[in-house]
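> Before we start, here is the structure in question, set down as structure tokens.
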Amino acid sequence: MCEVPLTYEQQRFAADNHGLVFKFLNEHQLPEDEFYDVIVFGYLKAVRDYLSRPELQKYSFATICWKAMTCYLSNHYKAQCRQKRNAEVISIHASLYEDGLPLEQMIPATDTLMLQLESDLLMHELASRLSRQQLDMVRQKTSGYGVRDIARNHKTTIKQVQSILEEVRSILLQLSCE
């Protein structure tokens, strides 16, 4: 719908003929609470078009209005039937097959012990490739120290600490890819 508000004349015309919306809803046996919002936009478009396009005024407003509301209703039904609105919903508590396990039992749970072991092995491998200074900087960084604090503790520059941490990062990426 166009976001330009109706003119005063269009507002008055819409108010005078508003009964057509309810007549349309009743004739098509549509519940007002569900379909009023759909139909009224077609009605307002008809009001705008009828008063701004002189070639439409040779027809009755009810004809133009009915056509617009029918079009909006049709578009609403089309939108409701689209595949994205009708996707099949599957519960993880249900089985995909008649005799199969529920999905919740088929999805592997996170094994925290295995994650900790992998992390420890990665850190062990990383420690074997780093100097004592690099390892100490990594420990401080993982403990929450900032680059400035680490530089002060090691009596070096911030730039040097950033460079060392970047080297450690590239070594860690290599280990992750192996």
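The values are calculated or read from the model by the stated rules, or taken from the named source; none is laboratory data. This structure is a prediction, so every number in the text was calculated from the model and none was measured. Here Cβ is always computed from backbone atoms with ideal geometry, including for glycine, and neighbour counts include all displayed protein chains. For accessibility, only protein heavy atoms count, side chains too; no ligands or nucleic acids. Shrake-Rupley method; radii C 1.70, N 1.55, O 1.52, S 1.80 Å.
> May I ask you to give the percent of accessible area on the chain that is carbon plus sulfur, with a probe radius of 1.4 Å?
Whole-percent figure for carbon plus sulfur exposure: 53.
> So, with +1 on the Cβ of K and R and -1 on the Cβ of D and E, and no other charges, what is the size of the charge dipole of the chain about its Cα centre, to the nearest 20 debye?
So the dipole magnitude of the chain works out to roughly 1040 debye.
> Cross-chain or 8 or more residues apart, Cα under 26 Å: how many lysine pairs in the chain fit that? Count them up, please.
11
> Still on this structure, please answer the following. What is the Cα radius of gyration of region 1-49 over 2.2 N^0.38 Å, N being its residue count?
Taking the Cα Rg and dividing by 2.2 N^0.38 Å, one obtains 1.16.
> Could I ask something else about it? Return the sequence-ordered ³J(HN,Hα) values of region 131-143 in whole Hz as given by the Karplus equation 6.51 cos²θ - 1.76 cosθ + 1.60 applied to θ = phi - 60°, using x for Gly and Pro.
6, 4, 5, 4, 5, 5, 5, 5, 4, 5, 5, 6, 7
> Please calculate how many Å² of accessible area the chain carries per residue, with a 1.4 Å probe and no DNA, RNA or ligand atoms counted.
Using a 1.4 Å probe on heavy atoms only, each residue of the chain averages 75 Å².
> For Lys78 and His28, compute 0.36 nm times the residue count separating them, minus their Cα-Cα distance, and round to one decimal in nm.
Taking 0.36 nm per residue and subtracting the Cα distance, the gain is 16.3 nm.
> Separate question: In nm, to one decimal, how far is the Leu117 label point from the Arg85 one, both placed 7 Å along Cα→Cβ?
Output for this residue pair reads 5.1 nm.
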